[in-house]
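Below is one structure, written out as structure tokens; the observations come after it.
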Amino acid sequence: MKALTNDADERLLVEAAKRDPARFGELYQRNVYQVYTYVSRRATSREEAEDITADVFHHALANLKRFEWRGAPFAAWLIRIAANLLTDRWRVTARESGNVVVEDPPDSSMEGIEERAALFQLVKRLPEDQRRVVVLRFVEQKSIREIAQELRRSEGAVKQLQFRALERLRADVEGAIG
């Protein structure tokens, strides 16, 4: 199946998965990296991040019939589930340790989640080499030198790929707004 890139295709995929849960695997493949990245930056360990990511997709599959398309990417719903699971886990941990949880974790607002999900969709549309540089630089927080070594390119080439990717993302965001 060709790569699905637009909202209409994603919506059709969600509807297909509602009718046939076996199709949920396609939604999983499209979104697991984004959900894991979100969770791993907030979890206390790799194992916890893996457990919560798995829980997100179990919860999503179990509640897929309740999902309503509202124009935001499907990933926004998954990230919201992840945020709720993280909050629940933090509350349980705080209660068990005797600490008081005063507020929800940062970045759990629906607007912020939807913005990050939309940005991730734009990053997914970048050419492969630009996308890889963006992920290595901003998700994995590697230096230009580390990326150059990993990709076997010069530092100048990596900087140029990063520049082009950011310019394209800026144009895409401005085009979506305006």
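Checking the conditions here, which among Ala17, Ala8 is over 16 Å from the mean Cα position of the chain (by Cα), aliphatic (A, V, I, L, M), crowded, with 16+ Cβ neighbours inside 10 Å and over 25 Å from Val135 (Cβ atoms)? Steps first, answer last, please.
Values: Ala8 fails: crowded, with 16+ Cβ neighbours inside 10 Å.
Unique residue meeting the criteria: Ala17.
What are the residues in the stretch 68-95 that are of a type in the set (A, V, I, L, M, F, W, C) and over 21 Å from Leu119 (Cβ atoms), if any? If you could, list the steps in order and put the result at the bottom.
Just the residues of the stretch 68-95 that are of a type in the set (A, V, I, L, M, F, W, C), to begin with: 69, 72, 74-79, 81-83, 85-86, 90, 92, 94.
The answer is Leu85, Trp90, Val92, Ala94.
Suppose the filter is among the hydroxyl-bearing types (Ser, Thr, Tyr) and closer than 23 Å to Arg131 by Cβ; does Thr53 pass it? Quick ask: steps written out before the conclusion?
Values: among the hydroxyl-bearing types (Ser, Thr, Tyr): yes; closer than 23 Å to Arg131 by Cβ: yes.
Yes, satisfied.
Can you tell me which residues in the stretch 160-178 are assigned to a helix (DSSP H, G or I) and surrounded by fewer than 15 Cβ atoms within 10 Å (Cβ to Cβ)? Can you show your working first?
Initial filter on the stretch 160-178 (assigned to a helix (DSSP H, G or I)): 160-177.
Within the stretch 160-178, Gln160, Phe163, Glu167, Arg170, Ala171, Val173, Glu174, Gly175, Ala176, Ile177 meet the criteria.
All of the numbers you see were taken from the coordinates with simple rules; none came from a lab. The structure displayed is predicted, hence computed values, not measured ones. So basically every Cβ, Gly included, is an ideal-geometry build from the backbone, and we count neighbours across all protein chains shown.
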